[in-house]
């Protein structure tokens, strides 16, 4: 029986000897590669924090001491050490979440996987411990160097430094990467600090060797120590942290359990805020990950564990279409620039960056800065394209509203992973954007349904220079092409169905499919026609503001059915109904979409079924509505 199988709680980890901790680390890496290769998940980040997490649980007493993991995608090792070793359904419905989850364990604190938040959580917990006089409790926040590029992390540090007696330790998990290599001034500073480990080793050699020679040797050692400090002040000014009132320990080898334990114990006994700077390697111990220069296997699908190659090649997807089209646009438009928030590869901007490096700006995990910086670029004559996951646009709403829209800035926001994303759970579902953006004055939003409409929407969006534009699309493989039968003043009619003659009721239904829901809308239309209804199915690409002709069309039918993969309250369908009512249209509406609630991790299909978003659900609701008349 392996050592890992005997670990059911953190106290089991604390009983191990040095040789056993090394054996445990090796077993955990084998476990991760074997299991995550079958389910998919965040492999590289977890391979990089094995020893670091073991050391945390040997020094701190979770859950009495609070451990907060920033983003949480590196929490698999933490799960294993707190008794959760069934990874068979990782990130699937009913299985373990891919992030910390309070529903799973008392050892989990923060479920939100949006980056740069851990230090604020830790600050709040530490303040509560002080107010509640829990002086024997500690808080430790693990944050990557990538997340340290987010402004919220530095807002938290500013506040943490104001509480010199709070028992709070910040572990900077420094692997030089977020998804891909970390960029920016802070990254350069930490990179400099990484280079000082040679000084530490030299100093230890000097201490051992020169002290053996008596007073002359001790004098030489003291001189070298002073020289080293002087060099460090120039080459690696960790004084930046200490000047803020934070004790700095490091750099420490994050793959040496003993070294990490020693540093963490020093930090724990200090009695105030401490930064422990741990140097780690993303993908550590798994050759395919170590050789992956793009993102070190940050997140993988199902792969062959021996080679790291995907079990099934990825299908041509939405992100790839954007990646191709934005390069074509860039070739035609020298004023188009690209902005990303530490996600150059995930959002498809790597090809643009390769061809136009001087026109590509990775701002780090700083969506707020990305939006306002884009407004500045627009003012100066450029047309910025800001590409982020839909869920992360939430973080920049104020900047989009007050810096971009208020100033009528020609900025295009491209929202990848819009709608249901599934396996990553509540924090990653890009379901809020349409309801949120409908209140932004002057904003235009496109929800393309296939490759052709995505390409066309992108070209149209960058031609708008006096207002913000948004193009959203889902995660994964492309839907089959859906040709328009005709386009009526900006509204694509994608299907018309005469009623089944034997069941004809004389009633007609307008079915509106938004973006990725167009195919579902067509299927619903087919079924409604079989129930004796005349059906017209439309799939407008530009849905905000609501097309005037679409509003007009609602009055030509006996019922309107809307389908969207965003929150239904306040969504596109609700706005269409509102605009129709304002014009005196009395046609009833049936809306299909997501509820205003956080959705557990599951597949897209499972979520659509659970939330009654399948074609048969829309048909059932439509027939029930018509039966009331």
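Summary table below
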{"item": "Test: residue in region 30-42 that is under 23 Å from residue 287 (Cβ atoms), surrounded by fewer than 17 Cβ atoms within 10 Å (Cβ to Cβ), free of Cβ contacts under 8 Å to residues at least 60 places away in the same chain and under 30 Å from the mean Cα position of the chain (by Cα)", "result": "yes"}
{"item": "In region 102-125, the residues that are farther than 22 Å from residue 394 by Cα and touching a residue at least 60 places away in the same chain (Cβ under 8 Å)", "result": "107"}
{"item": "Residue match in region 260-272 (condition: in a loop (DSSP other than H, G, I, E, B), out of contact with any helix residue (DSSP H, G or I) (no Cβ under 9 Å at 6 or more places or on another chain) and over 22 Å from residue 176 (Cβ atoms))", "result": "yes"}
{"item": "Filtered residue count, region 100-122, keeping only those that are farther than 19 Å from residue 368 by Cβ and either in contact with a strand residue (DSSP E or B) (Cβ under 8 Å, 6 or more places away or on another chain) or buried (at least 21 other Cβ atoms within 10 Å of the Cβ) (or both)", "result": "6"}
{"item": "Filtered residues of region 362-386 (kept if under 16 Å from residue 333 (Cβ atoms) and either touching a helix residue (DSSP H, G or I) at 6+ places or on another chain (Cβ under 8 Å) or crowded, with 22+ Cβ neighbours inside 10 Å (or both))", "result": "374, 378, 383, 384, 385, 386"}
{"item": "The one condition in (1) touching a strand residue (DSSP E or B) at 6+ places or on another chain (Cβ under 9 Å); (2) modelled with pLDDT of 90 or more; (3) closer than 15 Å to residue 144 by Cβ that residue 65 fails to fulfil", "result": "(3)"}
{"item": "Number of the exception - residue 474 against (1) in contact with a helix residue (DSSP H, G or I) (Cβ under 7 Å, 6 or more places away or on another chain); (2) part of a loop (DSSP other than H, G, I, E, B); (3) farther than 19 Å from residue 326 by Cβ", "result": "(3)"}
{"item": "Residue that is outside the structural domain of residue 333 (by TED's automatic domain parsing), part of a helix (DSSP H, G or I) and touching a residue at least 12 places away in the same chain (Cβ under 8 Å), where the choices are 516, 461, 457", "result": "516"}
{"item": "From the options 161, 128, 115, residue that is farther than 19 Å from residue 264 by Cβ and at pLDDT 90 or above", "result": "128"}
{"item": "Residue in region 167-176 that is surrounded by fewer than 23 Cβ atoms within 10 Å (Cβ to Cβ) and either at negative phi or in contact (Cβ under 8 Å) with a residue 24 or more places away in the chain (or both) present", "result": "yes"}
{"item": "Matching strands (runs of 3 or more DSSP E) fully within region 274-389 where at least 3 residues are modelled with pLDDT under 90 and within 29 Å of residue 91 (Cβ to Cβ)", "result": "none"}
{"item": "Candidate set: region 464-481, residues that are in the same structural domain as residue 422 (by TED's automatic domain parsing) and over 27 Å from the mean Cα position of the chain (by Cα); chosen: the one surrounded by the fewest Cβ atoms within 10 Å (Cβ to Cβ)", "result": "466"}
{"item": "Residue match in region 395-406 (condition: modelled with pLDDT of 95 or more, not in a helix (DSSP H, G or I) and not assigned by TED's automatic domain parsing to the domain that holds residue 515)", "result": "yes"}
{"item": "Residue that is modelled with the lowest pLDDT, among those in region 482-508 that are within 30 Å of residue 439 (Cα to Cα) and surrounded by 16 or more Cβ atoms within 10 Å (Cβ to Cβ)", "result": "488"}
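Here's the yes/no breakdown for (1) exposed (fewer than 14 other Cβ atoms within 10 Å of the Cβ); (2) in a loop (DSSP other than H, G, I, E, B); (3) in contact with a strand residue (DSSP E or B) (Cβ under 6 Å, 6 or more places away or on another chain); (4) in contact (Cβ under 8 Å) with a residue 12 or more places away in the chain:
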{"site": "581", "(1), (2), (3), (4)": "no, no, no, no"}
{"site": "585", "(1), (2), (3), (4)": "no, yes, no, yes"}
{"site": "591", "(1), (2), (3), (4)": "no, no, yes, yes"}
{"site": "613", "(1), (2), (3), (4)": "no, yes, yes, yes"}
{"site": "621", "(1), (2), (3), (4)": "no, no, yes, yes"}
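The values are calculated or read from the model by the stated rules, or taken from the named source; none is laboratory data. All values derive from a computational prediction rather than experimental measurement. Positions of Cβ are generated from backbone atoms using ideal geometry, with glycine treated the same way; all protein chains shown enter the neighbour counts.
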